[in-house]
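Let me begin by presenting the structure, written as structure tokens, before commenting on it.
Please treat every number below as a calculation from the coordinates, not as lab data. Remember, predicted model here, so these are calculated numbers, not experimental data. Please note: Cβ atoms are built from the backbone with ideal geometry, for glycine as well, and neighbour counts cover all protein chains shown.
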Amino acid sequence: MRAFSFFGGVFRTAVYNNLTSAVEKVLKGKDRREQEAFRKFQSYYNFTARFCNVASGHEKGGVEGLVGFARRNYMVPVLRAESLEELNEKILRECLNYGAHRIEGREKSVDELFEEEKAHLLALPTHPFSNIETVESKVNPYATVILDKNRYSVPTCYVGFRVEAILGVDRVEVFQRGKKIATHERVFGNNKWRLEPDHYLDLLHQRPGAFDSARPIREWRKSWPESLERLWDKFVVSHGETDGTREFILVLMLYRDHRAEDVEAAVERAVQNGVSSSAGVKHLLLPSGGGESFEPVKGWPATEPADVSVYAELGGLS
């Protein structure tokens, strides 16, 4: 949908790679059982969907080639960004700049050639497609809500509460009495789980014995930096299994208020310097330096130093 808006029109035929948000089940040959939401989307924009064969990247060699081009030219060295949205913005700017480029053997630039192609696009509808669905649910003992046959986590303090969820094309937002308590990327299919580890930290801080076996933590440990493992080990050695794990969970809570790269840099320094408490790690996140500096005020009248000898007289010392 964003692509149609960006290009200013709808392609008559769109080629897809059997993504789960579009395909419920791959049938024989080119046949597909499409997701209901995708059928509505396709009907609204009036285009034809064509699906590639499974594991057949050669069928869309041009697309694969452009992915490689973008990776080599726009992502080397590795880009840094605060979020996926910011990363996408950076790559988009590079792609837009490429529009002024003229491919060898062509007489016009990429932008000029696209303007000629735009005449063949279908017109956009007056209003963009909206597939937002609002449903009510109850948070189960696993601190998840079941939405469209899949599970999404919320903070454990909401177990047993009734909540309202908004299901968009690619995002799920969960609210309790109007307050947003969780946001997830939407998943399609059946019995898939989207778990945010932070939702479980408060409960695990009360029950540290369950920490290393908790499903959200097991999944998180697959991708978190090795320095976190070393810090946890250090805390356990210093404080024992229970209290050491509690201290470590307090470090993980720092992700709530600080950027991930800042927390991980502080953790790395903590490991290198033998820090053995969450307070020590938190201290390493404080801004360094001598604080603010100020220019001296000019033209201010000088004050004569006070004569303090009178105080000595009061005490009979002179």
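So what is the calculated 222 nm ellipticity per residue for the chain, using -39500 (n - 2.57) for each DSSP H run with n of 4 or more, over all residues, to the nearest 500 deg cm²/dmol?
Mean residue ellipticity, 222 nm, calculated: -11000 deg cm²/dmol.
Net charge within 14 Å of residue 65 by Cβ-Cβ distance, Lys/Arg positive one each and Asp/Glu negative one each, not counting residue 65 itself?
+1
Considering only DSSP states other than H, G, I, E and B, which GluC sites (Glu not before Pro) in segment 1-102 qualify as loop sites with at most 14 other Cβ atoms within 10 Å?
82
Go ahead and collect, in residue order, the members of segment 14-56 whose backbone nitrogen is under 18 Å from a label point 7 Å along the Cα-Cβ direction of residue 127.
Counting only backbone N, you get 40-46.
Fewest to most neighbouring Cβ within 10 Å: what's the order for 193, 220?
193, 220
If a/c stays under 1.5 just call it rounded; otherwise compare a/b with b/c (prolate if a/b is bigger, oblate if not). Do that for segment 133-196, with a ≥ b ≥ c from the square roots of the Cα gyration tensor eigenvalues.
oblate
For each pair in 30/90; 25/118; 25/222; 138/192; 30/108; 90/149, compute the distance between the two Cα atoms and list the pairs where it is over 26 Å.
30/90; 25/118; 25/222; 30/108; 90/149
Taking the Cβ of residue 195 as the centre, find all other residues whose Cβ is under 15 Å away and add up their charges (Lys, Arg: +1; Asp, Glu: -1).
Summing Lys/Arg as +1 and Asp/Glu as -1 gives +3.
Along Cα→Cβ, 7 Å out, is where each label goes; now give me the distance between the ones at residue 203 and residue 115 in nm to one decimal.
Once both label points are built, they end up 5.9 nm from each other.
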